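Just so it is clear, none of the values below were taken in a lab; they were calculated from the coordinates. Only a predicted model underlies this, so the values are computations on that prediction, with no experimental measurement involved. Note that we place each Cβ from the backbone using ideal geometry, even for glycine, and neighbour counts take in every protein chain shown.
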Amino acid sequence: MSEIKTQLLVIGAGPGGYAAAFYAADSGMEVTLVDTELHPGGVCLYRGCIPSKALLHAAKVVSESRDAKKFGIVFNEPAIDVDKLRSWKNDIVSKMTGNLGLLAKSRKVTFIQGKATFVDSNTVKVKRPDSSSQNVRFEYAILATGSRPILLPNVPDSPLILNSTTGLELQTIPSSLLVVGGGYIGLELGTVYAELGSEVSVVEMTPGLLPGADRDLVNVLEKRLKTIFKSIMLGTKVAKVETTAKNVKVTFENPDGKTSQQTYDKILIAIGRKPNSSDLGLENAKVKVTPKGFVQVDLQRRTTDSAIFAIGDVAGEPMLAHKASHEGRVAVDAIAGKKTAFEPKAIPAVVFIDPEIAWCGLTETQARQENRAITVAKFPWGASGRAMTLNRTDGLTKLILDTDTQRVLGMAIVGPGAGELIAEGVLAVEMGAVAEDVKLAIHPHPTTSETIMEAAESFFGHATHIYRPRKEAKK
Ligand code: FAD
Ligand code: NAD
């Protein structure tokens, strides 16, 4: 078997792995990147962030054309060419992954297509698609093998049962679709199918959608989702799934323990993801995993084997692309001997439905659970001129402030474009900004970004466009 030697081996070329490999090469290291796919990109580009956002854009065009009736512009019902939509989405994926392949080449990163398994603490065996194998000996390795969907137990294997990967393939638009899981994927893909014409129902086991987000924000999006989804069943379990050649029969267990049945053309299961840490031969190195299967890492993302680091979904929550990329750069800096640590104060979370919901730093719910002395400064989009011109006054912006120091601990926004706006919150939290900084920074008019400035003004009792005097004037 052939063998190559490399200074840094990166296993998995998702947004964690390729960002780490490119940064390491830019920092002067000699790098080999291995992935089972033809090009770098990982779940995010091939079957995650990018294809889902392309389809969500198409969905938004449909919903905006419908909303335009309100101001006197009436479009015909959209004619949806599913084949063209699918190929537009696939083209984006091919272009982006192909470009990443070229970027790897330009940086002289050796890219090997194949599946890596550890032989020992300094060697992996890579099995290529043609079944040939090659050993790669490394000084350091970064494990970035990502995650895969969790399966619902006792669900038959059937083309009528989709997961996020098959859901994004957009084979057909089923006339009725049940989405199991009211989290990120369930709501994003549920929105896509609903706007493309499916009658979508969502079933969520917990009492509310998006369990990690503050309820006042979720209430805003739930109101709109109720207008596009046929039903949202909360606190409800899927007790049984049976398939026939044509449809899927689902038995639900309601919050009061009663059962009911419904039949759907297809169901899409999106109940979370689990780390890809098995089948890697980790037992041949000294890498340990947690009971949930995440690779155990320290602040520098070093595993229990000092030559091996782990980043991204395989190294723990939150399972987000930007968190993976950031960890990748931390691991590379640690390998280069720089003083570094993964200690973000604000990892932004964005759910790209309509309205978008985004938050970063401390949430109000967390703060209340921890009995922190916080003040929540809110600005409703009903008072925003820009929101009115967008015909979308249903949004809300809020700042979570330390009551004593006025420091911005978190920000949360629901409304169109919230995902773009939240970056200001990340900067505010990371830079230790106080409410006055946000208040005094001139924001462009008319934009929804002004809602952030006015939320800060409301803390002082003088937001221009709302009258909400404080009991005690702040200096
Ligand atoms: P991954 O992107 O999972 O990449 C891991 C790579 O490792 C894969 O290419 C895999 O083939 C390869 N691999 C695995 N095992 C081996 C092995 N033994 N040898 C070689 N290669 C191997 N996050 C966001 O931040 N924003 C979003 O909008 C967003 N949307 C999403 C939508 C969907 C439908 C899904 C499923 C996920 C979404 N995510 C989003 C999450 C995001 O995709 C992940 O957090 C991110 O991809 C994690 O990056 P990673 O580098 O850890 O691993
Ligand atoms: P999730 O954790 O976001 O949501 C899963 C939901 O399913 C939860 O609300 C959970 O309570 C519910 N659930 C679990 N078991 C259930 C059951 N048996 N019946 C009904 N409901 C059940 O997981 P996901 O939507 O699969 O997404 C996985 C991860 O991928 C996300 O957590 C996120 O990290 C990432 N992601 C991010 C984005 C984004 O950034 N926009 C988009 C998609 C995915």
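General remarks:
- Part-to-part distance (alpha-carbon centres) for region 134-175 and region 392-446, which is given in Å: 36
- The chain: C-alpha gyration tensor shape, a/c 1.5 cut-off, then a/b vs b/c: oblate
- Order of SER458, SER260 - criterion: other Cβ atoms within 10 Å of each residue's Cβ, fewest first: SER260, SER458
- Size of electric dipole in the chain: Cβ of Lys, Arg +1 and of Asp, Glu -1, about Cα centre, debye, nearest 20: 120
- Every helix of 4 or more DSSP H residues in the chain counts as -39500 (n - 2.57), and over all residues that averages to -9500 deg cm²/dmol at 222 nm.
- Positive end of the dipole of the chain (Cβ unit charges, origin at the Cα centre): among GLY98, ALA341, GLY257, the Cα lying farthest that way belongs to GLY257.
- Taking ILE80, ILE335, ILE311 and counting other C-beta atoms within 10 Å, the order from fewest to most: ILE80, ILE335, ILE311
- Cysteine residues of the chain whose C-beta has no other cysteine C-beta under 4.7 angstrom: CYS360.
- Estimated FRET transfer efficiency (ARG128, ASN284; beta-carbon r; R0 22 Å; 0.05): 0.65
- Potential extension, ASP26-SER121 segment - 0.36 nm per residue separation minus Cα distance: 31.7 nm
- In range of the label at GLN7: residues from region 316-338 whose backbone nitrogen is under 14 Å from the point 7 Å along Cα→Cβ: 332-338
- Tensor-based shape of region 412-472 (alpha-carbon gyration tensor, a/c under 1.5 rounded, otherwise prolate or oblate): oblate
- Three-way shape label, region 339-462, alpha-carbon gyration tensor, a/c 1.5: prolate
- The Cβ shell under 10 Å around GLU3 holds other residues with a net charge of +3, Lys and Arg each +1, Asp and Glu each -1.
- In this Cβ point-charge picture (+1 for Lys and Arg, -1 for Asp and Glu), region 161-271 has a dipole of about 260 debye about its Cα centre.
- The phi torsions of region 231-238, fed into the Karplus equation with coefficients 6.51, -1.76 and 1.60 and a -60° offset, translate into couplings of 7, 10, 9, 9, x, 10, 9, 8 Hz, rounded to whole numbers, with Gly and Pro shown as x.
- Computed over neighbours whose Cβ is under 13 Å from that of GLN262, the net charge equals 0, Lys and Arg +1, Asp and Glu -1.
- Under 5 Å from the amide H of ILE269 lie the amide H atoms of LEU162, ASN163, VAL180, each residue being 5 or more positions distant or on a separate chain, with H modelled from the backbone and absent for Pro and chain starts.
- Relative contact order of the chain, taken over Cα pairs closer than 8 Å and 6 or more residues apart, is 14 percent.
- In the frame of its principal axes, region 161-271 has Cα extents of 42, 32, 22 Å, reported largest first.
- Leading residue at positive end of dipole, region 181-246 (Cβ point charges), from GLY186, SER231, LEU217: SER231
- Region 161-271: relative contact order as a whole-number percent, Cα under 8 Å and 6+ apart: 34
- Net charge dipole, region 371-433: roughly 180 debye, given to the nearest 20, about the Cα centre with Cβ charges of +1 for Lys and Arg and -1 for Asp and Glu.
- With the charge dipole of the chain set up from +1 on Lys and Arg Cβ and -1 on Asp and Glu Cβ about the Cα centre, the Cα lying farthest toward the positive end among the listed residues GLY432, SER121, ALA54 is that of SER121.
- Per residue, the average separation of C-alpha pairs within less than 8 Å and at least 6 apart gives region 265-341 a relative contact order of 22 percent.
- Charge tally around ARG273: other residues with Cβ under 13 Å, Lys/Arg +1 each, Asp/Glu -1 each, net +2.
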